[in-house]
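Have a look at the structure below before the remarks.
The numbers here are math on the coordinates, done by the rules we state, and not lab data. All of these numbers come straight from a predicted model, not from anything done at the bench. FYI the Cβ positions are ideal-geometry reconstructions off the backbone, even for glycines, and counts take in every protein chain you see.
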Amino acid sequence: MARRIAAGAAYGGGSIGLLGAATVGVLLAEVQLAKRHVGGGIAPVPPSADGRYGAAFAGPAEPLRLGLLGDSTAAGQGVRRTGQTPGALLASGLAAVSERPVDLRNVAQPGARSDDLERQVSSLLADPCAVPDVCVIMIGANDVTHRIPATQSVRCLTTAVRRLRTAGAEVVVGTCPDLGTIEPVYQPLRWLARRVSRQLAAAQTIGAVEQGGRTVSLGDLLGPEFEANPRELFGPDNYHPSAEGYATAAMAVLPTLCAALGLWPDSDRLDGDRREDMLPVAKAASQAAKEAGTEVTGARAPWALLKHRRRRRLPTATEPHPRPGTSGETALQRAAPTEEEAEAHGKPRKEKERRRSSRDLRAH
């Protein structure tokens with residue numbers, strides 16, 4: 001189905017129906033019930049996160065330019081502090097890994113659907129001297145809730161990825177989250193929302209990879225971890241993520257963002273222990289849609305790399321749950337390369353070198 005959607009988007013096909021008319025009445029009733037509960041709270045206007053991050057790394061190298069496009073998820077709606085937005089989290093993480101300043105420009109718009117990407121890309125590329133080095137796109141949830149034809153959604157996304165790639169930017173797409181785990185949504189609407197979300201995510205993966213982009217499944221954004229901890233990972237309106245939810249999303253995207261710029265170790269080596277593989281693009285897209293945090297990167301057509309980059313998941317309800325600013329690890333610290341990974345990449349940790357120097361001095 002995802003391949004049919006992607007093909008329809010590429011060749012101008014129309015919408016692809018999913019269900020017969022027999023269930024329409026039940027689903028419409030479920031939609032009205034969900035609307036009474038979802039969005040009942042007040043989601044604060046997302047704070048602006050544009051600016052420079054990692055100023056401590058200032059040096060002769062030019063700052064990296066990061067662009068963020070998409071909907072309210074990319075904008076950071078649901079949190080009140082700049083540092084809690086996905087843009088700020090990704091820019092800070094990218095600066096720490098690259099050891100270079102990062103200039104962030106976020107053109108995402110709450111409520112945006114895929115057809116708004118054309119405007120956002122034009123805004124981001126308006127200055128030819130400030131083309132982003134890498135862009136992150138998070139889009140799709142509003143397309144599902146507003147019943148936009150999947151072929152139209154994918155067509156708009158692939159056009160945006162193509163324009164950014166042509167301009168010289170690397171592109172990482174956070175695919176449509178799993179809307180079937182929103183707490184007030186009941187069966188059979190929950191089943192339909194999950195099915196449509198995953199099909200759109202898989203079709204987005206096919207379209208983006210074929211245009212030279214990379215994708216990361218964002219099922220964790222509204223997926224298993226949200227289902228297990230809805231009070232912690234949803235915001236006050238029961239729809240947008242909380243600060244911890246955005247940290248989870250950033251933790252999933254950051255490794256792929258760094259790999260797109262050649263900053264992550266072993267970017268193309270497959271690890272069987274992590275169930276990484278080289279598969280046909282459509283099959284890789286389908287697998288990624290089922291497991292959040294999965295990266296799909298194009299290889300030689302029609303093949304793609306299915307990657308599960310090293311990340312530690314958030315603690316379960318029975319485990320300690322460290323918060324940013326406490327003595328525990330932050331989400332971005334959990335996403336950073338391990339000492340072994342950094343050493344394999346040719347960039348040992350400074351602390352490790354300091355200990356080695358101390359041992360040499362004691363030996364002498």
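Structure values in brief
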{"quantity": "Nitroxide proxy distance, nm - points 7 Å out along Cα→Cβ at E99 and R165", "calculated": "3.2 nm"}
{"quantity": "Virtual paramagnetic centre 7 Å along Cα→Cβ of R195, amide N under 19 Å, in the range 274-293", "calculated": "286-287, 289-291"}
{"quantity": "Within the range 72-138: Cβ-based charge dipole about Cα centre, in debye rounded to nearest 20 (Lys, Arg +1; Asp, Glu -1)", "calculated": "300 debye"}
{"quantity": "Inter-label distance for A61 and A130, nm, one decimal - labels placed 7 Å from Cα along Cα-to-Cβ", "calculated": "2.2 nm"}
{"quantity": "For D277, residues with placed amide H under 5 Å, excluding near neighbours", "calculated": "L306"}
{"quantity": "Residues with amide H under 5 Å from that of L125, placed H, sequence gap 5 or more", "calculated": "none"}
